[in-house]
Amino acid sequence: MVLMLGWTATALAQAPGPSAPPVSSVSASAAAPDSNAAKARAALNAMVQALGGDRWLNTQDSFVKGRIAAFYEGKPTGVTVLYWQWKTPDAMRVDLTEGKHDKDNWVQVFSAHQCWEITYQGLRPMQKDTCAAANRLQDHSIEQAVKVWMKNPTTMLTYDGQSLAERHLAEQVTLLSADNDAITIQMDAQTHLPLSCSWSWRDPVYHDKNVDAEEFDDYHVIDGLPTPFTLTRVHNGDTTQQRFVLKAAYNVPLPENGFDVDAIAARVVRH
């Protein structure tokens, strides 16, 4: 009996009492996500600096002249149009032409998630699916990722590592919003300039998942800001459109009544 009591007392003395997990394991598990998010933020901040830092962040508007090439099932159709684009943080206008006749000219205006198209026949809302695609492109752009998503405290940042992207060693970061929307950005590991941004969405009718992306290449420094002169749009792995910039400028005067669809319609129809 004395031996049993002695063993029990010894066992109780040696047995660990109820306590929290070792401090080191708690710190490691908590530090891992924080470290990953910090690495993602550092990569995005390096991208912003590569794009021009505060000058890029404070750009008020931009102008681009270029040519758009159409694709079907990932192959070029041979159809191209000339375009002029003016863009502000709140709106965008694109003038396009297929030829030398007025009836071949048209204007697109995007503002407050509304999309308008003006031709010689007059003003009309853009097709619903085309407008939705344009809004998704705007909402998942590099500018929105940096100026809106990154500033939202509910946005989660994850560093996805390095991989090859179009013969470039790329760093990949994903931004995840509170409503489970996401933007994935790939940046050149050496220059830190963006190579692509992509996002997924579900078809409102068929509910299947789609992945869209915009890719950036052939950077030129314009007004002190690196500017991609080749932009490629991809849908579910197939190229749908390429834009080749011929001229670009920043903080330039906008056309008179540049985003007033009624004023534009009056001018286009009259001509």
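Throughout, read-outs are computed from the coordinates displayed, never taken from laboratory work. Just so it is clear, the model here is predicted, and its values are computed rather than measured. Here the Cβ positions follow ideal geometry from the backbone for every residue, glycine too, while neighbour counts run over all protein chains shown.
Would you confirm whether any residue within segment 100-109 is of a type outside the set (V, I, T), on the phi > 0 side of the Ramachandran plot and not in a strand (DSSP E or B)? No, segment 100-109 has no match at all. From Q186, Q190, Q241, which residue is of a type in the set (S, T, N, Q) and not in a strand (DSSP E or B)? On inspection, the qualifying residue turns out to be Q190. For segment 140-173, enumerate the residues that are within 20 Å of L57 (Cα to Cα) and of a type in the set (S, T, Y). S141, T155, listed by residue number. Has segment 200-212 got at least one residue that is surrounded by 19 or more Cβ atoms within 10 Å (Cβ to Cβ), of a type outside the set (D, E) and either touching a strand residue (DSSP E or B) at 6+ places or on another chain (Cβ under 7 Å) or assigned to a strand (DSSP E or B) (or both)? Within segment 200-212, none of the residues are surrounded by 19 or more Cβ atoms within 10 Å (Cβ to Cβ), of a type outside the set (D, E) and either touching a strand residue (DSSP E or B) at 6+ places or on another chain (Cβ under 7 Å) or assigned to a strand (DSSP E or B) (or both). Taken over segment 196-223, residues that are among the hydrophobic types (A, V, I, L, M, F, W, C) and under 24 Å from N251 (Cα atoms) amount to 3. Is it true that G99 is touching a strand residue (DSSP E or B) at 6+ places or on another chain (Cβ under 9 Å), loosely packed, with under 13 Cβ neighbours inside 10 Å and not β-branched (V, I, T)? Here the answer is yes, as G99 does meet what is asked. For segment 154-182, a residue qualifies if it is without any contact (Cβ under 8 Å) to a residue 12 or more places away in the chain, more than 24 Å from H113 (Cα to Cα) and not small (G, A, S), and the qualifying residues are L164, R167. Out of curiosity, is E171 among the acidic types (D, E), within 23 Å of G74 (Cβ to Cβ) and in contact with a helix residue (DSSP H, G or I) (Cβ under 8 Å, 6 or more places away or on another chain)? It is false that E171 is among the acidic types (D, E), within 23 Å of G74 (Cβ to Cβ) and in contact with a helix residue (DSSP H, G or I) (Cβ under 8 Å, 6 or more places away or on another chain).
The rows are residues; the columns are (1) surrounded by fewer than 16 Cβ atoms within 10 Å (Cβ to Cβ); (2) of a type in the set (S, T, N, Q).
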site: M92; (1), (2): no, no
site: V107; (1), (2): no, no
site: N135; (1), (2): yes, yes
site: V146; (1), (2): no, no
site: P153; (1), (2): yes, no
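Filtered by the rule that a residue be assigned to a strand (DSSP E or B) and either crowded, with 16+ Cβ neighbours inside 10 Å or among the charged types (D, E, K, R) (or both), segment 157-173 gives L157, T158, Y159, D160, A165, H168, A170, E171, Q172, V173. Scanning segment 217-271 for residues that are surrounded by 15 or more Cβ atoms within 10 Å (Cβ to Cβ) and of a type in the set (S, T, Y) gives Y219, T227, T232, T239, T240, Y250.
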